[in-house]
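Engineer: Take this structure, written in structure tokens, and hold onto it; I'll ask about it next.
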Amino acid sequence: MTSKTDSLVIILISMLICTTSVSAQNSTASPYSMFGVGQLVQREDASAAGMGHTGIAIAPNEWINISNPAAINNLDSTTFYINFQMKAFYAREESEMEHSSVSRANIDGIAMAFRAKKWWGIALGYTPYSTVGYNIDEPRTVYGDGSEYIVKYEGSGGLSRAYLNNAFSFWKKHISIGASAGVLWGTFTNKESAFFSGSLNGENIYNTRKYTCNNLFMEYGIQFHFNIGENNFRFGATFNDKKSMKSSYRQVVSNDISSQLFLEEKIATRDEFAVPRSYGFGFAYTRNKFLVTADYKYSYWSKVPSSKYKESILYQDNWSIGGGIQYSPGKREDPFYKRMRYRLGYFYSTENMLIHQTDFDEYGVTAGITIPLGRWNNSIVVAYEHLNRGTLDNGFIKETYKIFKISFNIRETWFLKSKFE
């Protein structure tokens, strides 16, 4: 088992890596991420990811569940928890005429948690909230001489979230109420490049706009559980209100000769970037070696302004469902292979945008495994997700993602005192 000093070193190094990588987060290659704050990121531990992205009603004592601010009420009172998570994906995008692929890897979050009192749990950390990453080429024709040129649209960035969760237990720990206070911040860079070969003397033009966004963010949660014989039932719920982002941007237009033909810096409207009011409900059932869980989530995207897209892009409310199962064959004293945990899941989600009157959804399957490290409670969790999004109808793009999450869970006994007689 590592010492307290070793754990502190791990914490500091992880936070340093995470901090220096926040601005470089880019965990999507989807052209659908070019709108609003981009594609929302599933914020969860790899254990929850392996069970169909469920976790609202789960209160584990082996890992930090950030899917619900109230979910840390079951952590061990003598243990300090550390979680560091990575994410990698391979994406294939195809249209009726062509296809392409891309692969990337980045940090997916860091969290720390402990119990300040038997009735009070605390967690803090960082996780991506949304991501932007697209690269689109569009051929165009110069009016008058009929020559062709290419316009390239590129985007990167996204929102990150730093949070402090507090959970309080009541009624012999049957009820837990939690609140998450934090901040959302990030940058979005949109670049439009026109590459001329025969017209305008071959002069290329670049238009780059970089947004900077931030604001406070609150989320609330509750869990309730009871036993009937050997059956444990747990229910959970979460809620966050709509939040408009404070934003500003810097726009530069340039060409191959001059680095600055036009410059504009100003404060954008508060409604240009916003996250919607959302709520979720979860259910978990545990008996012996099995855990079965299900979540339902709903977001009021129709209340988020989309006027800057005219009528071609309209936000609409979206919902998602997910379900999963976990099998835990052994106990701590059992051999290594019996202490592994296995997970399967499925999820389905409607899209939050209606593009040119075309609606499309996403769905996928998940799997996961927990690999114990030695005889201690530390572990490595691996989750896999196969996701499908989009459609080939009306000239749109269909996407297939293969996503891997690797979570390093460290549990350190910090709060025991030696006793001598």
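The values are calculated or read from the model by the stated rules, or taken from the named source; none is laboratory data. Worth saying up front: this structure is predicted, and the values here are computed from it rather than measured. Methodologically, a virtual Cβ is constructed for each residue, glycine included, from the backbone with ideal geometry; neighbour enumeration extends over all protein chains shown. All accessible areas refer to the heavy atoms of the entire protein, side chains included, with ligands and DNA or RNA removed. Shrake-Rupley method; radii C 1.70, N 1.55, O 1.52, S 1.80 Å.
Engineer: If I take the Cα coordinates of the range 342-418 and project them onto the principal axes, what are the three extents in Å, biggest first?
Structural biologist: On the principal axes, the range 342-418 reaches 69, 21, 15 Å in Cα extent.
Engineer: May I pose another question? Quick one: net charge around Thr131, please, counting Lys, Arg +1 and Asp, Glu -1 for every other residue with C-beta under 13 Å from its C-beta.
Structural biologist: Result for the neighbourhood of Thr131: +3.
Engineer: With every protein chain left in place, what is the accessible area of His386 in Å² (1.4 Å probe, nearest 10)?
Structural biologist: Rounded to the nearest 10, the figure is 50 Å².
Engineer: If you don't mind, another one. Leaving out ligands, DNA and RNA but keeping every protein chain, what accessible area does Arg339 have, in Å² rounded to the nearest 10, with a 1.4 Å probe?
Structural biologist: About 30 Å², ignoring ligands and nucleic acids.
Engineer: With a point put 7 Å past each Cα toward its Cβ, work out how far Ala181 is from Ser77 in nm, to one decimal.
Structural biologist: 2.5 nm
Engineer: Another question, if that's okay. If you place +1 on the Cβ of every Lys and Arg, -1 on the Cβ of every Asp and Glu, and leave all else neutral, what size is the dipole of the range 45-178 about its Cα centre, to the nearest 20 Debye?
Structural biologist: Using only the charged Cβ atoms, the result is roughly 1300 debye.
Engineer: To continue, here is another question. Kindly sort Glu399, Glu203 by accessible area of their heavy atoms, largest first, with the probe set to 1.4 Å.
Structural biologist: Per-residue accessible area, sorted high to low, gives Glu203, Glu399.
Engineer: Further, regarding this structure: Using the Kirkwood radius built from alpha carbon pairs, what does the Stokes-Einstein equation give as D for the range 58-184 at 10 °C and 1.306 mPa s, in µm² per second?
Structural biologist: For these conditions, the coefficient is 88 µm²/s.
Engineer: May I pose another question? Can you count the Lys pairs in the range 215-347 with C-alpha separation below 14 Å, eight or more apart or on different chains?
Structural biologist: Count of close lysine pairs: 5.
Engineer: Continuing with this model, one more query. Lysine pairs in the range 36-177 8 or more apart or on different chains: how many have alpha carbons under 24 angstrom apart?
Structural biologist: 4
Engineer: On the full set of protein chains, 1.4 Å probe, figure out the accessible area of Leu164 and give it in Å² to the nearest 10.
Structural biologist: 80 Å²
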